[in-house]
Amino acid sequence: MTPALMKDLVNGAEIIVWIAIAAALAHKVFTGRKDYWLPAFAFFAFGISDAVEMTTGAWWKPWWLLVCKVACLCFIIRFFWQAFREHRKK
């Protein structure tokens, strides 16, 4: 297996994982957790950005892809921080 093929397989798996997480969070939105819509969108956008990364060959090219990934990561980190704080209150 060539390194390029391996990279594409890993990126493809990442796309599936991020979009699956987005779908699980979206399901939570439709069952009552309205505050999960933003992380669901962030995980979905992160999955799409991985698909774009497969075509460009790098996560920093073009520049807007890097900006998109950083924005998604900020929202994802905020989601986990909020979930951590909620869990500590219980």
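Readers should treat all values here as calculations from the given coordinates under stated rules, not as data from a laboratory. Note that the coordinates shown come from a computational prediction; the quantities given were computed from them, not determined experimentally. As a convention, Cβ positions derive from the backbone with ideal geometry for all residues, glycine included, and neighbour counts pool all protein chains shown.
Considering every residue within the stretch 22-30, establish whether at least one is among the aliphatic types (A, V, I, L, M) and in contact with a Cys (Cβ under 6 Å, 6 or more places away or on another chain). Talk me through it step by step, then tell me what you get.
Just the residues of the stretch 22-30 that are among the aliphatic types (A, V, I, L, M), to begin with: 22-26, 29.
So of that shortlist, the ones also in contact with a Cys (Cβ under 6 Å, 6 or more places away or on another chain) come out as none.
For the stretch 22-30, residues among the aliphatic types (A, V, I, L, M) and in contact with a Cys (Cβ under 6 Å, 6 or more places away or on another chain): absent.
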Legend entry - Candidate set from the stretch 4-22 (those that are without any contact (Cβ under 8 Å) to a residue 40 or more places away in the chain, loosely packed, with under 14 Cβ neighbours inside 10 Å and among the small types (Gly, Ala, Ser)); member that is nearest to residue 50 (Cα to Cα): 13
Inset, instruction - Filter the stretch 32-83 for residues that are assigned to a helix (DSSP H, G or I), surrounded by 10 or more Cβ atoms within 10 Å (Cβ to Cβ) and aromatic (Phe, Trp, Tyr) and give the result. - result: 36, 37, 41, 43, 44, 46, 64, 75, 79, 80, 81
Legend entry - Close pairs from the stretch 62-90: first β-branched (Val, Ile, Thr), partner surrounded by 13 or more Cβ atoms within 10 Å (Cβ to Cβ) and in a helix (DSSP H, G or I), Cβ under 9 Å, at least 6 apart: 76/39; 76/42; 76/43; 76/46
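Working only within the stretch 15-31, note down all residues that are more than 9 Å from the chain's Cα centre (by Cα), of a type in the set (Val, Ile, Thr) and part of a helix (DSSP H, G or I). Break it down stepwise before answering.
Residues of the stretch 15-31 that are more than 9 Å from the chain's Cα centre (by Cα), as a first pass: 16, 20, 23-31.
Going one step further and asking which of them are of a type in the set (Val, Ile, Thr), we end up with 16, 29, 31.
Result: 16, 29.
At negative phi and surrounded by 11 or more Cβ atoms within 10 Å (Cβ to Cβ): does that describe residue 86?
On the way: at negative phi: yes; surrounded by 11 or more Cβ atoms within 10 Å (Cβ to Cβ): no.
It is false that residue 86 is at negative phi and surrounded by 11 or more Cβ atoms within 10 Å (Cβ to Cβ).
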